[in-house]
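Take a look at the structure set out below.
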Amino acid sequence: MNEWYYTIDGIQQGPVAFGKLRELAASGTLVKSALVWNQGMKDWRPAEQVEGLFSVPPVPADPANPQANAWAPAIPEFDEPALPEIEPGSERVGVSACFSRAFQLAARHFGILVLALLITFAISFAISIPFGIVEAFSQVNQPAPAPVPVPVTANQFWKAMEVGIRENFSAASIAHNIISNLVSLFLSAGIFRIGLNIVSGKQATVGQLFSGGPVFLKMLGAAILSWLCTLAAAIPSFIPWYFIYTRHLVPFMHSNFETPPENWQEIALLVTASLLLALPAWYLAIRLGWSQIAIVDRNLGVFEALRYSWNITRRNFWKLVGVGIVGMLIALAGVLLCFVGLLFAIPVVWLLGILAYRWMQYGHRAALDHPGTRRPQLHGTP
């Protein structure tokens, strides 16, 4: 009864004695809205509901044992239903708490996550084999490209560009890209389902990797619409690159690449302008980017999923940017640790995004277990 657990920024801490808990409260480390729990409680409670935690400590309750810490109050037990959804935007996503929880869950479910990852890689590799063979045979009778002299002239540069475009946009290459993207979209539905089940404490199986059939077309529609909206918002960011091309790159090519651009300050300003003009596109990508997981989670229609994504991401734009940056850093760490590192880094990134989604739905309790168990508090939520 004297061991207490508490949360700071959504991350579980403890156990500590009640006296230590009072010290944390007095110093401001433990705020009144933080959740606390001990064995006399069925579920976490806001710290402000614990008698004596933010007020003068009571006299020890057991006169026969004055040394005992009797500041742990008797709190009635409550049976709580499944977690209710929070008001969209009422609670900011805890980036560090999501990362900590993603790491924890990835360690718990390492086997199934790695197996799903390896199957995904194997399928992607299997798709690339026939298209690679087709492209190899198509180039058998092609003459070898002439070596490009150095320095290269503008005409030689454009000719090399034309050859590269023709090779990258061949019929086999286009078909490969289309099929690969469609298969990736289908598998992402299964990855979402596995991740949602893990985060919510439900059963996750490798077979769920192939469960995306019923929602595939809706996910495709949401992906196309969100991409078109993002592309339309990104069009103004292309204008500075047009001026960079016409004012600096074209003269550079006409000089046979011998006279580099001189006005680097103007180029830097144009690049900065392009990045600023691209912010609306990034904003739309983040606000609409949760529509596909919402379709898997709730079987929503295309437009309904886009509205739902826009709604739950309210007031969380920069927090979600932080989630994205943390995800990229985790992936980079996995790359630096070679293949073995990616086997753990990629599942952590998967779960990080899904935890952020659940946090926007249910608040910080989405990253906590039921007290005294390893069962997520989301267990039992629809």
Alpha-carbon radius of gyration plus Dmax, which is the widest Cα pair, for the stretch 186-340 in Å: 20.9, 65
Cα coordinate range in the stretch 306-380, projected on the principal axes (Å, largest first): 37, 34, 18
Likely footprinting exposure, C229, C338, fewest C-beta neighbours within 10 Å first: C338, C229
At 0.890 mPa s and 25 °C, Stokes diffusion of the stretch 228-298 via Kirkwood alpha-carbon radius, µm² per second: 172
For D43, residues with placed amide H under 5 Å, excluding near neighbours: F78
Gain in span if fully extended, S33 to N263, counting 0.36 nm per residue against the direct Cα distance: 77.3 nm
Pairs beyond 29 Å (Cα-Cα), from K32/K202; K42/K202; K202/K319; K32/K319: K32/K202
Extension gain from E87 to L225, taking 0.36 nm per residue of separation minus the Cα-Cα distance: 47.1 nm
Theoretical gain in end-to-end length, L337 to H254 [0.36 nm per residue, Cα-Cα removed]: 25.4 nm
Given charges at beta-carbon only (K, R positive; D, E negative), |dipole| of the stretch 242-382 in Debye: 840
Fewest-first sequence of T205, T230 by Cβ atoms within 10 Å of each Cβ: T205, T230
Debye intensity ratio I(q)/I(0), log10, the stretch 273-320, q values 0.17, 0.23, 0.24 Å⁻¹ (C-alpha model): -0.50, -0.77, -0.81
Restricting the stretch 234-298 to GluC sites (Glu not before Pro) in coil, as DSSP defines it, with at most 12 other Cβ within 10 Å: E258, E262
Principal axis dimensions, the stretch 254-382 - Cα atoms, whole angstrom, descending: 70, 40, 22
Neighbour-count ranking [beta-carbon atoms within 10 angstrom, fewest first] of M253, M41: M253, M41
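Every number here is computed from the coordinates shown, using simple stated rules; none is lab data. Since this is a predicted model, take the numbers as computed values, not measurements. Ideal geometry is used to build each Cβ from the backbone, glycine not excepted, and the neighbour counts take in all protein chains shown.
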